[in-house]
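Input: a single structure, listed below in structure tokens.
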There are 4 protein chains.
Amino acid sequence: MAERLSLGNNGVALLANALATGGTLFVLITIFGPLSGAHFNPAVSLAFAMRRELTWRMAGAYVVAQLLGAVLGVYAAHAMFAQPIWQVSAKLRDGPSQAFSEFVATFGLIATIFGTLRFRQAATPATVSLYIVAAYWFTASTSFANPAVTFARALSNTFAGIAPPSAPAFIAAQIVGCVAAVISMSWLLRSADSD
Amino acid sequence: MAERLSLGNNGVALLANALATGGTLFVLITIFGPLSGAHFNPAVSLAFAMRRELTWRMAGAYVVAQLLGAVLGVYAAHAMFAQPIWQVSAKLRDGPSQAFSEFVATFGLIATIFGTLRFRQAATPATVSLYIVAAYWFTASTSFANPAVTFARALSNTFAGIAPPSAPAFIAAQIVGCVAAVISMSWLLRSADSD
Amino acid sequence: MAERLSLGNNGVALLANALATGGTLFVLITIFGPLSGAHFNPAVSLAFAMRRELTWRMAGAYVVAQLLGAVLGVYAAHAMFAQPIWQVSAKLRDGPSQAFSEFVATFGLIATIFGTLRFRQAATPATVSLYIVAAYWFTASTSFANPAVTFARALSNTFAGIAPPSAPAFIAAQIVGCVAAVISMSWLLRSADSD
Amino acid sequence: MAERLSLGNNGVALLANALATGGTLFVLITIFGPLSGAHFNPAVSLAFAMRRELTWRMAGAYVVAQLLGAVLGVYAAHAMFAQPIWQVSAKLRDGPSQAFSEFVATFGLIATIFGTLRFRQAATPATVSLYIVAAYWFTASTSFANPAVTFARALSNTFAGIAPPSAPAFIAAQIVGCVAAVISMSWLLRSADSD
């Protein structure tokens, strides 16, 4: 919708996309947090599994559900905008600066989640959604920060898509960013405890 | 106002409309929630009646008040913008993708309301208003999601209007989305209880 | 700033102005609410005086401070943007639709304040600031809703100004809107008590 | 990102920058507030040292960390956007109106922090981030309000940069604004106590 209406002004389209994503995340985390933890993101489930707050088996089941949900969401969007359901993105997003962006974006997301859970658990819907709105702009990749979303957006040939050959580097950078954040935040929050 | 000022950039107009709608909803739900439940929407009253949290007789009275309020609101907007009070929209919004958009929008709204009430009642003004801001963008229909609003906007020949021949499909899709959400959320929240 | 940067797109300028006003109001009400009540607005002080929650003598002193603060604020803005301090607006804002807009805007503001104070006092900074952001867009006058602001903006020949001959009708409409809101909300909240 | 996408509409770029800055600040203050106080700003550490809530020695260590963090942040942004890491800004920001803007911006920031801490400590992430979003627009300098940020942005030749010859006046104005705010707020909050 954003893309069609703001012809020639992708800034407005991105602004609308960022707000829609942030608003939706706030709602979903508020509602599904008490039900399932509201991960929606394989990087988040990986982080909880690394910290042994989720079994690896459960994390695997979460990832399957996340991939299914992401693809169904893309298909629903195609249906709402009267586009063919089946698409493959042709939008290349290559190069080290794109991968570094996804590393930073995912590092920040995981750090936001564990940082907020530590002292201000009730603020999680606000911090995660505001982080994602901000990361749209402070990264060069519009901050996918989610392997399931990366996979699903390879199936959408719109300005939000990512060509399949570009996806593996995105997913690798996201996983590295996630692991780096789990290690950094474990150290930071442990040193806070010992003060 | 948005439309007149952002000539040639409907994206900015929609952004302003979305923020104005969301901000107003937050205020109205905060104030009228404790007074009347702050429905403003026949789909919401239908959902509460289906769950037997509102008598059908009371739901009927709510719908009459909702229709009256929506039409008076449209008339007040016409008066503020120095337009003729009586108008009929000529803006066709037809086709299955529009109806599917309204199904999704209303399903999400009702799910948001019952999901939030279940665990985070105090967050209802925030989640409902952010949901509506987001749904402006992730649907193709700008998310009416309200039969009374659909009826009243048929009486406004502006970019927010809907031609009377397009209205019945919108309202039908909203009712189906509402019923589907009541059934889904009842199942989801019941299975959460039995965990 | 908004006006200079968004040449040819007043929609973006208004959006930025609305957000800046809303954000500032949230901050000021949060900080000055516990100190002085955070009125900043003769219509608000009038409403509290009518409800006998403020002496008329104190309300008069508040109005003097509000007028002084508003004019100093306009002068500071002129200094920050390297404009002549002393200006008189040439921007006419006449006609019944403008006055009706100010009636609606001020009615809604006062209703928002007393409605929030009644059941959700802690939400006042949020509801008042979101109301003002929204009213920028749903009125035709960009919602001054404040006699002191109207007076001060007569002294600024920018797109936010108002020509002195247009100001009296704005102020009269604001006062009528304020009185109507005090009467309506007293009735509404009293009938809520007797339920 | 904002700059590249919104060619010819710097208003949208600034809007995106303001939202990204505000969102990030909310997240960082929420997470690091309980860990370190979440200063990120030599003016803030100076204010706490003046009020003897931080030793001067600790304030010095904070400033070193703030300068390092700001420069590393600029370098990371350059890397994400595939630009040369080492840059020097050529963007002059001179004149008394720019310095007065930075005085006002920093005065307001420090007043916001101490005003919120006094009565509504939990609202600090919200008030500080909303203040910064608003000050982007109500100042002529886009509100740097932070000596470390001023220093680091001298090392970025983008639209957010500041040429080294313009930086000293910015930093001086920020320090004067900080000192004036500490004095004013101490008086204001003390007179509130004695009421």
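The values are calculated or read from the model by the stated rules, or taken from the named source; none is laboratory data. This is a predicted model, so every value here is computed, not measured. Heads up, the Cβs are rebuilt from the backbone with ideal geometry, glycines too, and the neighbour counts pull from every protein chain shown. For accessibility, only protein heavy atoms count, side chains too; no ligands or nucleic acids. Shrake-Rupley method; radii C 1.70, N 1.55, O 1.52, S 1.80 Å.
Below is a table of values for the structure above.
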read-out: Qualifying position, being within 13 Å of the chain's Cα centre (by Cα) and of a type outside the set (F, W, Y), among C:A154, C:A126, C:A145; value: C:A145
read-out: Pairs, first in contact (Cβ under 8 Å) with a residue 60 or more places away in the chain in region D:142-158, second among the hydroxyl-bearing types (S, T, Y) and surrounded by 24 or more Cβ atoms within 10 Å (Cβ to Cβ), C-beta under 7 Å, six or more apart; value: D:T142/D:Y136; D:A145/D:T106
read-out: Neighbours by Cβ (under 7 Å, 6+ apart or cross-chain): first from region D:32-43, within 14 Å of chain A (Cβ to nearest Cβ); second in a loop (DSSP other than H, G, I, E, B) and buried (at least 16 other Cβ atoms within 10 Å of the Cβ); value: D:F32/D:A38
read-out: Search result, residues across region A:26-54 that are in contact with a Lys or Arg (Cβ under 8 Å, 6 or more places away or on another chain) and polar (S, T, N, Q); value: A:T30
read-out: Residues that are in contact with a helix residue (DSSP H, G or I) (Cβ under 8 Å, 6 or more places away or on another chain) and either among the polar types (S, T, N, Q) or open to solvent by 10 Å² or more (accessible area, probe 1.4 Å) (or both), drawn from region B:157-166; value: B:T158, B:F159, B:A160, B:S166
read-out: Pair list, Cβ under 6 Å, 6 or more apart: region D:73-97 residue more than 13 Å from D:T158 (Cβ to Cβ), other residue in a helix (DSSP H, G or I) and among the aliphatic types (A, V, I, L, M); value: D:S97/C:M80
read-out: Total residues in region A:70-87, condition touching a Leu at 6+ places or on another chain (Cβ under 7 Å) and farther than 13 Å from B:F138 by Cα; value: 2
read-out: So A:F40, is it among the aromatic types (F, W, Y) and at pLDDT 95 or above; value: yes
read-out: Helices (runs of 4 or more DSSP H) within region B:53-156 that include 1 or more residues at the interface with chain A (Cβ under 10 Å from one of its Cβ atoms) and closer than 27 Å to A:L25 by Cα; value: B:96-119, B:124-138
read-out: Residue within region D:60-69 that is open to solvent by 20 Å² or more (accessible area, probe 1.4 Å), touching a helix residue (DSSP H, G or I) at 6+ places or on another chain (Cβ under 9 Å), among the β-branched types (V, I, T) and modelled with pLDDT of 95 or more present; value: yes
read-out: Test result for B:L35, assigned to a loop (DSSP other than H, G, I, E, B) and surrounded by fewer than 22 Cβ atoms within 10 Å (Cβ to Cβ); value: no
read-out: Test: residue in region D:113-123 that is in contact with a Gly (Cβ under 9 Å, 6 or more places away or on another chain) and aliphatic (A, V, I, L, M); value: no
read-out: So C:A154, is it open to solvent by less than 20 Å² (accessible area, probe 1.4 Å) and in contact with a Pro (Cβ under 7 Å, 6 or more places away or on another chain); value: yes
read-out: Residue match in region C:5-23 (condition: away from chain D (no Cβ under 14 Å) and of a type outside the set (D, E, K, R)); value: no
